[in-house]
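Trainee: Please read through the structure below; I'll follow up with questions.
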Amino acid sequence: MLDGRGEGISASSGNIVEYCDSASDEEPPKPVKKLRLVKKLTLGNSAIVYIGLLEKSKSSNDALQVLVRIADCLKFEEEDIPDVIKKLSEYFQYEVVSTVRAKILALFADISKEQGADIPSITEELISLLKKEESHKVLAQGVSALLKIGRLQPDNQGLHQKIVQVAIQRLKDTSHLVKCTSLELIGDLLPVGATVETSPGSIMRLVGDYTHSDEGRVRSAAFRAMMTLHGRGLTLDPSVYSEACLALKDDYEIVRQEALRLVWVLGRTYPENIIVLPSSDEEVRLVDDAFGKLCNMINDLSMNVRTLAAEKLGSMTLVSPKFLHQTLDKKLMSNMRKKRSAHERAWESITSGEWASGKNWSDDAPREVIDAESVSLMSSGSCGAFVHGLEDEFLEVRYASVESVCQLSLDNPQFAHMSLDFLVDMFNDEIEEVRIKAIDSLTRISRHIVLREDQLETILGALKDLLITVKTFVCQDFSMDVREGLHKMLASCRLSSKNCLQMCVESLLENLKKYPMDRRSTWHCLQKIGQSHPELTLPLVPELLAIHPFFDTPEPDVEDPACILHSHTLWFNVCELELEQFYNIQHLCLNSLFLVPHLTSCLDVCILILVFNAAQQSPTMLQLFEEHTLKHYSYLRDTMPTLVPALKSYEPPIILTRAVCSQLVGSSRPADPAPLSTGSAQYLSDILARIETAPSSCVRRELMEACRHDLSRLATIDRAIPGALQFSALYISSQLLMIDILSNKLWSNPSALASQQGNVVKNCISQLLSQCLKLQHLYVGLNTEDLSCVKQFKLKALALQLVYIVRGSNFSALALCEHFLETVEDTQRYLSEHEVQPEAFTSSLFKELGLLEDTKPGPVARCLLPLLQVSTPAPLPHTNIKMGRKLKGVRESNSNAAVERSFSMNKECLVENLHEDGLIAQYIRSSMAVISEPTGDLETALKFTAGLVLGVHCDALLHNIQDISTLRIKVKYPDQQTHLLVPRPTDLRPLEPPDHRLLTTILLSHHVWTEACIVEVSLALDVARAESGLAGRKVLSSGSMRSDDPWVLDLCRPVKVLVSPKPIKRGI
């Protein structure tokens, strides 16, 4: 059917497709007609059918049920909304039950959210219904509906002024509910700065009058409305401060909370205003007096008020130092007069020559009693406020107090030094959350403080207490936050003496014996301690390394059970590697330190990390090292480059195989070669340009084959731009696979597709789709050109799959066809929004689908077949490899975690995003995961009763994950069953964005096996929700999967766990 413009419209299967005739050669090219998929509105779901039932209701209860159904399935056509409003208004006028009338007014606000609703007319109708209303419940609901309607049009000041006038009139109502709702409306919708009938200042005074209302809820709403108006730009007058201070003594908790917030706002708005204290001629700054008022509220009877006061204190950074320091000075008070401590009284007795007999009652009482009103509130307000807050019985108050102390200490070194003892005391808090907050706070202010021995004993005592109190695995997992927090805090703090350093090292090593999983955190802690305390480490070197001035001490035992990781060796791999290959792999083999004859234990490695980092700034320390220590340095430098620094005064030999080492005795290499410009970026640009200018398809294919191999190899060597190299290599590999499929005539032959040879085509298409999804979901930082190429290539792969399903199988292609059309629409929208010229295949696809009348799978596949047969390879994207921003600190977690996996587990793309100077090397970064635990130890089998559950601890670092909700734990059993487990949100610990750390327990369960078998554990992304057309509804509902599902994208290589389910033991 053609309309007047010559356009054709066709509807099929509930979808409407618009298309236009192609232009002639003489006419200028017209823009491609966009696909538009529209679903018909079903009348069964529309709320219009319930409106007629409302008039037929026999009772108010039936009418209320109908109104509830209307609210549940709210869906109206634009032309039906006026009739609906009219019918609801008519029913409202003769309904006698207030609950029904209130529900009708609530529906007015809901209908206003519908598309095409006439909000001004609905508002007028609602205001007219409220004029004759007398029920307080209905009036409150009506004002609330007006508030919701006003928020729908934030820029319509005329409508807001009309609604505000209604609220002002309703302030005279006797019901507190109507008053509170009206005050809220005035605070949110009062036009600020506009020329209106009633000035905003007069309305502010009107709202202020209700702070003296007899009803506490009205007073609270008035204070809240004043702060809302202040936040919207109507500045509060400083004269309100006295009224807010009086409200701090209100009997109601909600009023004191709002008054406290108002005092806090005024203190930050007018900090330098001078006020005179009541009953005194003393003048103070307003921010100082407000600070004292908030400190005084720390002693409030309500826990909520105390928590709020403790939270607000941390943001008052403009307070004078003399008032700030009083918060940590707990003065004793007796009859509103300061009372001296016992130490002060004893000192006075000694200096005066008089001694107290202790026989007289109250002989230490104040000599005089003064009037309470004559004492300044400031003198008793801030004194000991944080002391009371840190000793409060509720954890919320203590938590907020610790945070406020930390915020005030960040820019005040003197206050940070005073608060050090109090924060250290919070390490002994009974609540885990408070202890973690205290540890984090001390870490943040560490640049201002130096730890003494007594303070360090308290800190290390908290670390030792964990060794005693933690009994179960669940608690152990939870306390890992405390232990790692203590490690970070110790790494950032300064120690005062060598005894402190010795105590710290001993406690860390003792903790490591109990918790071997903390080795990474302990290594980083000792690295930082060594870097910041070289002068304290130097006198401890003989003791730490067990060096005797006269005798040779025994070297560490290789058979130490506390060995760093596993006892497997790499000799069979090393001997087969060339010199250059092995040198590159040295940076990847952290988990195997057995190439040195005298391997140190895990504790010795910790000590060596400490000593080597201290030696970097203390060259004299090198003279104390023995020969085997230098050998250990050589190997640790190659296996732990991020933990062991380069010692410029020492040039270690290259560590290779034993045969090569025997030939290279005495040779050396530079200790720390400067980062060189590898030219990988230029090579990538040149090779892509060479492919584009290939003279023939054969030459182009050969160049792409060579380029894929070279880029894949270069990505494992060059640490500068691995993300861009991997992306380019994967895209070229996908192009080659697409060329192979299209060059094989089997994909378009229905008879051949149905044969055994069709499985080859099916597997190739599945692999192609998997690579397309990897290009789209496993790489972040893609620019517009890269993402447009990926989207268009994925569209081509989906078209190929649709043709294969329709022509070579008997499966239903409805879901796949719908998914394909949605992808076409999304791609077309993306290209038009970013003004990207589509490729030849994509442009032809848009044109042919625009002319298509029937959107069923068969016609769509017949339309796609000739396009695929004549398609040519798309141009390769020129990836963005520009330098990024400078980081505040080198992101060690990324590089360390990557290096810490054995090369047999994770050989590709390990160290990414960083140069040696901490620069982000490219915008394109690949998503990856590094599993630290389980370690892949196959010597000991984990046994459990068959049918029950085995918990396996998992510790992994996640890098550059776009949508963390798609993360899955992939478990593959020996019988080829594959399960995807969803980690809990609490198991994901955010690191520096966009990185995360996964700490969880993997639950394994199976039937009885005859012998121990290997279960493979890995991490993957499940993009089945985003690619629902590929996965299908059954997969999404059941959660089952196969190992070759293209929407499951692996983030790392699997780690093997040896498991042995045992049969159930029957009782005797």
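Trainee: Once each part is reduced to its C-alpha centroid, what is the distance from segment 982-1022 to segment 214-288 in angstrom?
Mentor: Computed from Cα coordinates, the inter-centre distance equals 53 Å.
Trainee: State the Kirkwood hydrodynamic radius of segment 730-870 in Å, one decimal place, computed from all pairs of distinct Cα atoms.
Mentor: With all distinct Cα pairs of segment 730-870 included, I get 15.5 Å.
Trainee: Going 7 Å from the Cα of Ile431 in the Cα-to-Cβ direction, what parts of segment 242-265 have a backbone nitrogen less than 19 Å from that spot?
Mentor: Once the point is set 7 Å along Cα→Cβ of Ile431, nothing inside segment 242-265 turns out to lie under 19 Å by backbone N.
Trainee: Whole angstrom only: what separates the Cα centroid of segment 822-859 from the Cα centroid of segment 433-448?
Mentor: 56 Å
Trainee: Students sometimes get this wrong: rank Cys698, Cys764 by accessible area, probe 1.4 Å, all chains present, largest first.
Mentor: Largest accessible area first, the list is Cys698, Cys764.
Trainee: Taking the solvent-accessible surface of protein heavy atoms with a 1.4 Å probe, what is the per residue accessible area of segment 730-870 in Å²?
Mentor: Here the per-residue accessible area is 41 Å².
Trainee: Right, another one. How much accessible area does Val218 have with a 1.4 Å probe, in Å² rounded to the nearest 10?
Mentor: Surface accessible to solvent at Val218 totals approximately 0 Å².
Trainee: For a Förster distance of 30 Å, can you work out the FRET efficiency between the beta-carbons of Lys322 and Val192, rounded to the nearest 0.05?
Mentor: 0.20
Trainee: At 1.4 Å probe size, put Leu775, Leu742 in order of accessible surface, largest to smallest.
Mentor: Leu742, Leu775
Trainee: Taking a threshold of 20 Å on the Cα-Cα distance, which of the pairs Lys322/Lys437; Lys774/Lys794; Lys488/Lys528; Lys498/Lys631; Lys131/Lys179; Lys148/Lys172 fall above it?
Mentor: Lys322/Lys437; Lys498/Lys631; Lys148/Lys172
Trainee: Given a 1.4 angstrom probe, what's the average accessible area per residue across segment 181-332, in square angstrom?
Mentor: I get 44 Å² per residue for segment 181-332.
Trainee: Give me the log10 of I(q) over I(0) for segment 104-230 at q = 0.09, 0.10, 0.13 Å⁻¹, as the Debye formula computes it from C-alpha points; what are the numbers?
Mentor: Taken in order of the listed q values, log10 I(q)/I(0) reads -0.23, -0.29, -0.49.
Trainee: Treat each spin label as a single point 7 Å out from the Cα along the C-beta direction, and report the Arg217 to Gln115 distance in nm.
Mentor: Label-label distance for Arg217 and Gln115, simple model: 3.9 nm.
Trainee: Another one. Given a Förster distance of 51 Å, report the FRET efficiency between Leu277 and Val68 from their Cβ-Cβ distance, rounded to the nearest 0.05.
Mentor: The pair Leu277/Val68 has a calculated efficiency of 0.30.
Trainee: OK, next. Could you check the simple spin-label distance between Ser175 and Thr235, using points 7 Å along Cα→Cβ, in nm with one decimal?
Mentor: Result: 3.9 nm between the two label points.
Trainee: In addition: Output the peptides 954-960, 980-986 sorted from most to least packed, where packing is the average of other Cβ atoms within 10 Å over each peptide's residues.
Mentor: 954-960, 980-986
Trainee: Here's something else I'd like to know. For segment 695-752, take every pair of Cα atoms, bin their distances at 10 Å starting from 0, and report each bin as a whole percent.
Mentor: 22, 39, 24, 11, 3
Trainee: Another question about this same structure. What is the extension gain from Arg1025 to Asp975, computed as 0.36 nm multiplied by their sequence separation minus the C-alpha to C-alpha distance, in nm to one decimal?
Mentor: Stretched out fully, the Arg1025 to Asp975 stretch lengthens by 15.3 nm.
Trainee: Ordering Glu702, Glu626, Glu818, Glu95 from largest to smallest accessible area (1.4 angstrom probe), what's the sequence?
Mentor: Result, largest first: Glu702, Glu818, Glu626, Glu95.
Trainee: Taking 0.36 nm per residue of separation and subtracting the Cα-Cα distance, what length does fully extending Asp83 through Lys856 add?
Mentor: My answer for the length gained is 274.4 nm.
Trainee: Given a 1.4 Å probe and every protein chain left where it sits, what share in percent of the accessible area of segment 730-870 is carbon and sulfur?
Mentor: Here carbon and sulfur together make up 50 percent of the probe-accessible area.
Trainee: Could you pull the accessible area for Glu992 with a 1.4 Å probe, rounded to 10 Å²?
Mentor: Per-residue accessible area (Glu992): approximately 70 Å².
Trainee: Moving on to the next point. Excluding Tyr210 itself, what net charge comes from residues whose Cβ is under 15 Å from its Cβ, given Lys and Arg +1 and Asp and Glu -1?
Mentor: -1
Trainee: Apply 1/(1 + (r/R0)^6) to the Cβ-Cβ distance of Lys249 and Leu948, taking R0 = 51 Å, and write down the FRET efficiency to the nearest 0.05.
Mentor: 0.25
Trainee: Same structure, new question: Give, in nm to one decimal, the length gained when the segment between Lys132 and Ala689 is fully stretched (0.36 nm per residue of separation minus the Cα-Cα distance).
Mentor: Length gained between Lys132 and Ala689: 192.6 nm.
Trainee: If you don't mind, another one. Would you mind computing, in nm to one decimal, how far apart the modelled labels at Lys745 and Ala840 are, each placed 7 Å from Cα along Cα→Cβ?
Mentor: Simple spin-label model gives 2.2 nm for this pair.
Trainee: Going by average Cβ density within 10 Å per residue, which order do the peptides 120-131, 157-168 take, highest to lowest?
Mentor: Per-residue mean Cβ counts within 10 Å order the peptides as 157-168, 120-131.
Trainee: Take peptides 517-527, 687-697, 250-260 and line them up by average Cβ neighbours within 10 Å, highest first, as a rough protection proxy.
Mentor: In decreasing order of mean packing, 517-527, 687-697, 250-260 become 517-527, 250-260, 687-697.
Trainee: Follow-up. Got a number for the accessible area of Ser175? Probe 1.4 Å, square angstrom, nearest 10.
Mentor: Ser175 has an accessible surface of roughly 20 Å² with all protein chains in place.
Trainee: Share of segment 228-317's accessible area from carbon and sulfur, percent, 1.4 Å?
Mentor: Carbon plus sulfur share of accessible area: 48 percent.
The values are calculated or read from the model by the stated rules, or taken from the named source; none is laboratory data. In this text the structure is predicted, and so the values were computed from the model without any measurement. Cβ coordinates were reconstructed from backbone atoms using ideal geometry, including for glycine residues, and neighbour counts include every protein chain displayed. Calculation scope for accessible area: heavy atoms of the full protein, side chains included, ligands and nucleic acids excluded. Shrake-Rupley method; radii C 1.70, N 1.55, O 1.52, S 1.80 Å.
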